[in-house]
Amino acid sequence: MIIRFSRRALPAVAAAALLAACTSSGGATGAASGAPSTAATTAPSPADQATATATPTPTATPTPTVKPTGQADPALQAFYGQQLAWAACKDDPKTEKIDESAVQCATLKVPLDYADPAGDTLDVGVARLGSAKPGERTGSLLVNPGGPGGSGVGMILRGQKDYDGPLRDHYDIVGLDPRGSGLSAPVNCLDDKTRDTWVTTDDLGPEHGKALADACQAKYGKLLEHISTRDTVRDMDVLRAALGDRKLSYLGLSYGTYIGSVYAEEFPDRVGRLVLDGAVDPAKPLAENNIEQYAGFERSLRAFAAHCAKQAQCPLGKDPEKAPEKLADFLDGLKQKPLTTKDGRVLTATAAWTGVIEGLYGDESAWDALANNIGWAMVRGKGDYLLAYADSYNKRDKDGHYSVSADAYTAIYCADGATGVPTGDALQAAYAEMAAKAPLISRREPGSALFDPDCRNWPFRSAEKAHAITSKAATPIVVVGSTGDAATPYANAEKLAAQLGNAVLLTREGEGHTGYGRSECIRTAVNSFLVDGTVPAAGIRCATDAAQ
């Protein structure tokens, strides 16, 4: 974004609204004891326990990588030259405090297959928040919340106030839904009741991943071949031209940093001002990436447990050395003794781990709320609030409906071909490394941790391979890393900045995923770069903002 505890902890999904928090929604603050934290909503109504229907899965065949010439390709000129028909977005009556109609929406038409521009086309959803000061407007700023599969359109619709200030003064803020998500041919393979079981089951063997792969293949077939990150990057360049921008300015979070990196590789002459916050290392195959990410969450888990042990009321006890294992033992024990919530749903070990991971996306200001909700499960036997955290992570609303981005994560990640499946001695070495670096988080289901998402049965994948991306762009790229980021560990930012070559690394000292929304120092440096082109000095290290 998961620990096959769900499906998103990878390049992860951190974002709901961008700039105010840049964290998974479990990161809200709350009381350390007493009433349940309001960060977790009341658990939805019960759902039937159903299992995914599997159909035979064909052998995955890599799709050849095409290298279109972009705007210079005569076969693509009709796409690059299109005029977007902007209109007020549809207002959602469920969001009483947000007026979506204040944002403009449009549809971008792109080739389904860039190797066959004369063939089928695809409609891609786009949203635009116009510049607050048109006289000072310098162009468009494309933003992406991560994922894979995070909705750029939703990021604009729900986060309108987040862009107030220098960014919106000088830019139209634009969000695009990547292929397979949101308004861009969304991949939605499982019905809500089936997904309720799929995301919470403690039976995480090979058939678990196969069930999703078979369901997606049965419903979407050929589309799955054409929703890779590189496809989306090519859509972004078409959008850049349709917006009238000579070069792309971009702010990408988490997995959005991978999108930005691939864009810099594919269209170096079109790179404007790119900021990549919460970096993914494109050179790491899936297994290596998962091991490092689990190591990051293990570190955050231990830091959280030690923090909890210092508080007046902590369900993990007063010994900071024993607190992490006490928590892991409780969560693992739910596999044998799950908790039934007041609405009849069940807090399984998988669901509880998912809820905890959701909380670990936040910084220290969110940890008391997490401890409170763990306490309700451990001490009072009430799993409603941890299950609500898991629902937030899995994008399940209070009515039991899942976001259409739920399957986009796996579909995009597996389409990228970054499976990195080790075998033989390499597999045993990977398991040993996982156990050494993340002994508590991975011990219950090491196979599910190593193959997350599980691309082993995925029917399609591109010819893309994990590789270092070198930027040949003239403009430097700004990479932001946070030292306590569990979802995208700080080492990734260091490696990505080094790979790109023409890049500057900004460092935030502190816990939590991504940096822009957590540090005024980072925001000032990033805004100066995006607005004025001022490249941050090398070696800048920023503190996290004090808790409100």
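The values are calculated or read from the model by the stated rules, or taken from the named source; none is laboratory data. Please read these numbers as outputs of a predicted model, since none were measured by experiment. Methodologically, a virtual Cβ is constructed for each residue, glycine included, from the backbone with ideal geometry; neighbour enumeration extends over all protein chains shown. The protein model used for the area step is the full one, side chains on, heavy atoms only, and it has no ligands, DNA or RNA in it. Shrake-Rupley method; radii C 1.70, N 1.55, O 1.52, S 1.80 Å.
Answer yes or no: is there a residue in the range 370-385 that is closer than 25 Å to Met155 by Cβ and either charged (D, E, K, R) or surrounded by 21 or more Cβ atoms within 10 Å (Cβ to Cβ) (or both).
yes
Counting only residues that are among the hydrophobic types (A, V, I, L, M, F, W, C) and in contact with a Phe, Trp or Tyr (Cβ under 9 Å, 6 or more places away or on another chain), which one in the range 271-296 is surrounded by the most Cβ atoms within 10 Å (Cβ to Cβ)? Step by step, filter the range 271-296, then rank; the result is Ala279. Among residues belonging to the range 303-337 that are more than 28 Å from the chain's Cα centre (by Cα) and within 22 Å of Ala388 (Cβ to Cβ), point out the one that is most open to solvent (accessible area, probe 1.4 Å). Selected residue: Lys337. Each residue in the range 530-548 was checked for being farther than 18 Å from Asp485 by Cα and within 24 Å of the chain's Cα centre (by Cα), and 1 pass. Glu207 - would you say it is of a type in the set (D, E, K, R), within 30 Å of Glu325 (Cβ to Cβ) and open to solvent by 10 Å² or more (accessible area, probe 1.4 Å)? In short, no. The set of residues in the range 490-539 being more than 17 Å from Val271 (Cα to Cα), open to solvent by 50 Å² or more (accessible area, probe 1.4 Å), in contact with a strand residue (DSSP E or B) (Cβ under 7 Å, 6 or more places away or on another chain) and not small (Gly, Ala, Ser) consists of Glu494, Glu509, Cys521.
The test for being in a loop (DSSP other than H, G, I, E, B) and of a type outside the set (Lys, Arg) does not hold for Ala497.
Among the listed residues Val174, Val143, which satisfies the condition of being touching a Ser or Thr at 6+ places or on another chain (Cβ under 6 Å) and either modelled with pLDDT of 95 or more or closer than 25 Å to Asp416 by Cβ (or both)?
Working: Val143 fails: touching a Ser or Thr at 6+ places or on another chain (Cβ under 6 Å).
Criteria check complete, one pass: Val174.
Taking the range 167-188 as the range and being outside any strand (DSSP E or B) and either at positive phi or open to solvent by 10 Å² or more (accessible area, probe 1.4 Å) (or both) as the test, the residues that pass are Arg168, Asp169, His170, Gly180, Gly182, Leu183, Ala185, Pro186, Asn188.
Within this structure, Ala463 passes the test of being under 30 Å from Tyr263 (Cα atoms) and in contact with a strand residue (DSSP E or B) (Cβ under 7 Å, 6 or more places away or on another chain).
Mind listing just one residue for me: the one in the range 148-166 that is under 17 Å from Asp235 (Cα atoms) and in a loop (DSSP other than H, G, I, E, B) and, of those, most open to solvent (accessible area, probe 1.4 Å)?
Here the answer is Ser151.
Tally time: how many residues in the range 387-441 are within 16 Å of Thr350 (Cα to Cα) and either in contact with a Lys or Arg (Cβ under 9 Å, 6 or more places away or on another chain) or open to solvent by less than 20 Å² (accessible area, probe 1.4 Å) (or both)? Total satisfying the criteria: 11. For the residues Glu325, Glu288, the requirement of being part of a helix (DSSP H, G or I), under 25 Å from Asn492 (Cα atoms) and of a type in the set (D, E, K, R) singles out Glu288.
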